[in-house]
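The structure under discussion appears below in the form of structure tokens.
Read the figures in this text as sums done on the coordinates, not as results from a lab. Everything numeric in this text was worked out from a predicted model, so none of it was measured. Here the Cβ is made from the backbone with ideal geometry for all residues, glycine too, and neighbour counts use every protein chain on show.
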Amino acid sequence: MPSTDSWQERPLALVQHIFDTQNGNDWMKAALGEFESKLNSQEVLSAIPSLNNYPIHELSPNSLVRFRCMVQDSYDNELFMENYILLNHNTGETIRKTSSFKDVIDCPNDFEIQQDSSKLAMRQILYCVSVPAECEWTQKGWKDAGTLKLNKIADNTPTSKRKRTADDDMEIPACGNSSDRVEKEEGKRTKFTHQSQSNQPETVFNKNHPLPNESGPVCLVKVYDESATFKVNNLYEFYGILSVDPFLSDVYDTNDNEMDVVDSEERKAHHPPASIVPRLHVVSLKHLDHVNPFVKQDISAGLDTGCALSSTRDCLLEILEKATLGDSLVAEYLLMHLLSRVYMRRPALPLGKFSLNICGIPPGSDYPRVLCKFLQDLVTKMHYLPMSLDTFNSGNFIPTKNYNTNRLDTGILQLSDGTHLFLDETTLKAGNLNEHGVKNIKALKDVMSFQKVDYNFQFSEVSFETDIAFIVLSEGKSILPCDCQIKLKPTSEIPKDVESYFSSFCSAVSTELLNKCRCYITACKFSEYELGDEMTKVIQEDFVSERRRNAEVTAEDLHSWLVLARLMNASFCKSNLTKQTWDRVKATETRRKARFSVPAMQNGH
């Protein structure tokens with residue numbers, strides 16, 4: 001059995017050992033359980049190199065790695081040889097092996113597979129991309145948490161001159177249609193040295209990132225736990241065995257005229273070059289509710305994040321007030337927007353969403369872009385999207401099923417829960433929307449209203465629930481259906497050099513305070529909330545009183561107040577709504593609405 005200091009570098013040896021010693025059909029469960037028990041501390045997990053942090057050529061093949069990602073698509077299950085017997089016709093020797101947790105079959109020289117003795121099994125295939133819109137500080141925080149110094153051991157010894165080990169690297173592509181290649185390829189291999197064998201340039205393969213200009217790592221993730229279920233757009237950190245054999249690129253490199261024309265596109269899409277899309281055979285996984293590297297995943301149990309959250313609120317509001325050019329009211333609404341999330345769904349009504357429209361932005365100002373850049377230093381995921389005609393007319397917003405490749409072609413609205421989409425409406429000029437642009441606008445409006453995206457499956461539409469927080473900056477009222485609109489009233493004119501203005505006050509914010517604010521936002525977003533019977537009665541009586549004073553007050557207004565009350569309560573790090581907080585919400589709303597009231601005419605003017 002591999003020693004305790006080698007199981008991370010040679011996990012396949014551990015797999016083969018369990019396969020050899022465990023009888024019956026439970027060996028896979030035992031193998032996964034063994035890895036789970038070894039991956040039982042944050043220290044061990046942090047020591048595993050991440051595909052997010054290192055290029056593929058710096059990672060050892062068949063070693064244990066991890067990958068923080070979003071499930072972009074799921075493919076059909078894949079058949080593989082769970083166990084098989086090799087026969088040496090010269091000596092009569094037989095060897096029992098498994099191709100679990102690998103993409104190739106071990107077959108030493110002078111051996112051949114006994115096809116009638118093999119047992120097939122299924123594994124799930126997921127296409128995963130690095131987390132869309134993940135901010136720079138988030139990525140750096142995860143990278144700094146990993147302390148491993150890679151000890152890469154190069155081994156270019158020809159396979160035919162080496163002894164066969166339990167996790168022998170002399171392998172041939174396995175599963176399904178690959179068995180006929182055993183005789184052709186056996187004995188001709190040398191260990192992979194990370195040099196791409198693909199004849200195609202790496203730019204040819206579309207990695208299918210949802211957002212334009214993103215180029216982070218992607219991976220084909222293979223899962224053996226039959227009970228595991230996955231949803232598109234969910235976030236995971238997978239721990240698994242890295243498979244990057246150059247033979248995995250053979251299908252992609254094959255000329256179209258050598259394959260059936262009907263399925264050549266699909267086969268190439270599902271078998272991309274390993275140098276671009278490595279394979280990861282999962283031994284353990286974590287579902288991620290958020291990607292803040294400074295906050296534990298189980299924050300729903302409490303707000304113990306090492307930060308003085310209540311005192312952090314005042315500091316963060318002060319920073320946001322400077323970012324909103326001295327407008328304390330907009331700063332407060334911006335804070336509540338940053339803490340918002342969908343916490344419950346009722347028919348056609350996602351509860352908790354709080355899209356914010358800040359209007360009064362002068363045309364041609366660089367303020368929206370710089371403000372977004374500033375906010376990207378506070379939240380974990382945010383993307384700036386200029387609302388130009390070109391963005392709508394040529395951009396892909398809606399994911400579409402491509403039946404030629406049998407995969408989901410992604411779109412801008414395929415984002416994980418908790419992503420902030422910053423829309424700059426000041427870039428929208430007069431012009432015509434084409435048919436494609438109209439569909440994109442409609443999709444954007446539907447997401448803001450119902451927090452769902454209707455994926456285009458050509459012959460039908462399939463709705464996928466989402467939780468995207470929208471903030472829209474515009475000159476006048478936004479053309480989009482925002483939950484709240486507030487007019488920006490700076491204490492002074494918007495500076496011409498916005499970059500310098502933000503740099504001047506941001507340079508005074510310490511890294512320690514910045515990290516506290518980041519912890520505060522994530523922790524408060526997931527805080528517990530309770531509306532007691534006494535406060536429920538107070539709210540009902542208040543609503544009745546408001547209706548008597550103003551007949552224009554509607555049930556929608558009550559819904560808005562309740563959302564704001566929850567967010568305001570969370571901002572104070574409290575779980576129970578108090579009358580003091582409720583009164584503050586109503587007063588804040590009164591101030592916001594007053595900015596849109598028309599002043600009385602005086603002296604005939």
Please report the spacing between the Cα centers of the stretch 408-444 and the stretch 115-141 in Å, no decimals. 28
Residue-wise, which Karplus ³J(HN,Hα) couplings in Hz belong to the stretch 369-386, taking 6.51 cos²θ - 1.76 cosθ + 1.60, θ = phi - 60°, and x for glycine or proline? 5, 6, 4, 4, 4, 5, 5, 5, 8, 10, 9, 7, 9, 8, 10, 8, 10, x
For the stretch 436-486, what does the relative contact order come out to in percent, with C-alpha contacts under 8 Å and a separation of six or more? 29
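Please give the net charge around Y384, taking every other residue with its beta carbon less than 14 angstrom from that of Y384, where Lys and Arg add +1 and Asp and Glu add -1. Each step should come with its number before you reach the end.
Values: positive: R369, K373, K381; negative: E134, E136, E214, D366, D377, D424, E425.
Local charge sum for Y384: -4.
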To make sure I understand the rule: partners must be lysines, Cα under 17 Å from the Cα of K487, and not fewer than 8 residues away in the same chain. Which ones qualify? K322, K477, K593
Could you give me the ³J(HN,Hα) list for the stretch 114-131, computed from phi with Karplus coefficients 6.51, -1.76, 1.60 and θ = phi - 60°, whole Hz, x at Gly and Pro? 8, 4, 6, 9, 7, 10, 8, 9, 10, 9, 6, 10, 10, 9, 10, 10, 4, 4
Set of aspartates and glutamates near K579 by C-alpha distance (under 17 Å), chain-local residues within fewer than 8 positions excluded: E530, D533, E534, E541, D542, E546, E589
So for the stretch 528-595, averaging the separation of alpha carbon pairs under 8 Å that are six or more residues apart and normalising by length, what relative contact order in percent results? 43
Taking amide H positions as placed in the peptide plane 1.01 Å from N, state which residues far from H420 in sequence (5 or more) or on other chains have amide H under 5 Å from it. K381, M382, H383, A469
Give, rounded to the nearest 20 debye, the magnitude of the charge dipole that the stretch 528-595 has about its Cα centre when Lys and Arg contribute +1 at Cβ and Asp and Glu contribute -1 at Cβ. 400
Excluding residues on the same chain fewer than 8 positions from K296, give the lysines whose Cα lies under 23 Å from its Cα. K38, K140, K143, K231, K286, K381, K516, K525, K574
Using 1/(1 + (r/R0)^6) with R0 = 30 angstrom and r between the beta carbons of E499 and K445, what's the FRET efficiency to the nearest 0.05? 0.40
Starting from the Cα of K140, step 7 Å toward the Cβ, then list every residue of the stretch 482-525 with an amide N under 17 Å from that point. 503-519
With r as the distance between the Cβ atoms of N213 and S6 and R0 = 41 Å, compute the FRET efficiency 1/(1 + (r/R0)^6) and round to 0.05. 0.50
Along principal axes, Cα extents of the stretch 299-525, largest first, whole Å: 54, 47, 31
Which chymotrypsin sites (Phe, Trp or Tyr not before Pro) in the stretch 425-507 sit in a loop by DSSP (not H, G, I, E or B) and have at most 15 other Cβ atoms within 10 Å of their own Cβ? F457, F459
